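First comes the structure, then the notes that go with it.
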Amino acid sequence: MFKHHYVIILLVVAAVFFGCSSTPRIDTTKIPDAIRAGQISDMKFGMFICWSFSTFSGQEWTRGVDDVNFFRATGCDTDQWCETARASGMNYILFLTKHHDGFCLWDTATTDFKVTNSPLGIDVLEKLRKSCDKYGIKLALYFSEGDWTWIKEELPDNPMDTSIENWRLPVWKTGQNAELKKTQLEELCTKYGLIEFFWIDHAQSDGGLNHMATEEWVHRFQPNCFMGFNHGEPAGRLCLREMGRPGPIGDPSTSVYNKDAEQSYKGYLAAEFTYPILPKHEGGAMWFYSLPKHDNLCHPVEKIYNDYCGAVEYGNIFSVNIGPDYSGKIRDIDVKTLKQVGKMIASKESGQ
């Protein structure tokens, strides 16, 4: 009897230490580039989730906020995000981990300026990882390499005024902190399982670590993770086309901000393009949830489906951008539109 209990105790201890680790195991065996590029291209269609301070500011960029309570989300329905993605024929979610404001949507040890200290009080990335696994959705991450919390300068009279004139002021330039950037990327690479690719935003500089070095650093932890940079120093295996369109690699007309790299850089093995599901409108954000008055604005089903077909034709991946609302849910019109796209994709794949 006592021997039986002893064996059970040993099994429980072994499970705790070897089988139930909270840190996901990641296979660090490098896959040949050609095979890995095919795996990336095969993802075809995904959802780009932008949810942060700008959801609540009504502005695309949100500077001048240093209180985590500004992120006043009343919920976070990552299951809804993933269920919608799956029903829409999507294979991955590209999630914004940190915008230029420096507010982190994961439980980082590098700063107190993070979502777990906000009223929501949860690690959103951890919750999303679990939902992705539940619904069979792959995970990719957006990361702003520049960070306004790394520099202290006098703010303009209206720090949330993101007009082009104010963007050019020195106040909108980031500080440099290569070690902090590296630590944050290491956390993202080691605590949240397999990351398919990083979408690195260069809008506020490289943060003190150039793009080649950034790629080398990430590959220490996840050698099969593709790196993409929306502009700046060309690097990485993934060509990013912000506000772009489908097309063959090397065609500069497919890019808006990355034309030179698209034409001259020879390291790209796959291409991604993205744009917001919100059409152009007056006031409010586009990449984030805009304003309640825009809740019925959405690109037509046909446009999104046609761009999906273009992505398939050229071996691209297409990340349509969605901004969850104040309650952490995708807007009703977005859900309806995307699920209609999903039905068209299913019909195409079945040959009907």
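The values are calculated or read from the model by the stated rules, or taken from the named source; none is laboratory data. Remember, it's a predicted structure, so these values are computed and weren't measured experimentally. Here the Cβ is made from the backbone with ideal geometry for all residues, glycine too, and neighbour counts use every protein chain on show.
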Going through the stretch 160-187 one residue at a time, which ones are within 16 Å of Asp147 (Cα to Cα) and at pLDDT 90 or above?
-> Asn177, Ala178, Glu179, Leu180, Lys181, Lys182, Thr183, Gln184, Leu185
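Quick one: in the stretch 30-48, of everything that is assigned to a strand (DSSP E or B) and out of contact with any helix residue (DSSP H, G or I) (no Cβ under 6 Å at 6 or more places or on another chain), which residue is surrounded by the most Cβ atoms within 10 Å (Cβ to Cβ)?
Residues of the stretch 30-48 assigned to a strand (DSSP E or B): 45-48.
If we keep only those that are out of contact with any helix residue (DSSP H, G or I) (no Cβ under 6 Å at 6 or more places or on another chain) as well, we get 46, 48.
Working: Gly46: 26, Phe48: 24.
Among those residues, the one meeting the criterion is Gly46.
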All positions within the stretch 310-352 that are of a type outside the set (D, E, K, R), closer than 30 Å to Gly38 by Cβ and free of Cβ contacts under 8 Å to residues at least 40 places away in the same chain | Gln340, Ser347, Ser350, Gly351, Gln352
Which of the residues spanning the stretch 245-296 are charged (D, E, K, R), over 23 Å from the mean Cα position of the chain (by Cα) and part of a helix (DSSP H, G or I)?
-> Asp260, Lys293
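Each row is one residue, and each column tells you yes or no for (1) modelled with pLDDT under 95; (2) closer than 30 Å to Glu215 by Cα; (3) touching a helix residue (DSSP H, G or I) at 6+ places or on another chain (Cβ under 6 Å); (4) surrounded by 22 or more Cβ atoms within 10 Å (Cβ to Cβ).
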position	(1), (2), (3), (4)
Val65	yes, no, no, no
Thr78	no, yes, yes, yes
Thr111	no, yes, no, no
Lys127	no, yes, yes, no
Ala140	no, yes, no, yes
Glu154	yes, no, no, no
For Cys225: the one exception among (1) crowded, with 20+ Cβ neighbours inside 10 Å; (2) modelled with pLDDT under 95 = (2)
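In the stretch 85-96, what residues are surrounded by fewer than 23 Cβ atoms within 10 Å (Cβ to Cβ) and either touching a residue at least 60 places away in the same chain (Cβ under 8 Å) or part of a helix (DSSP H, G or I) (or both)?
Filtering the stretch 85-96 down to residues surrounded by fewer than 23 Cβ atoms within 10 Å (Cβ to Cβ) leaves 86-87, 89, 91-92.
Hits for the stretch 85-96 are Arg86, Ala87, Gly89, Tyr92.
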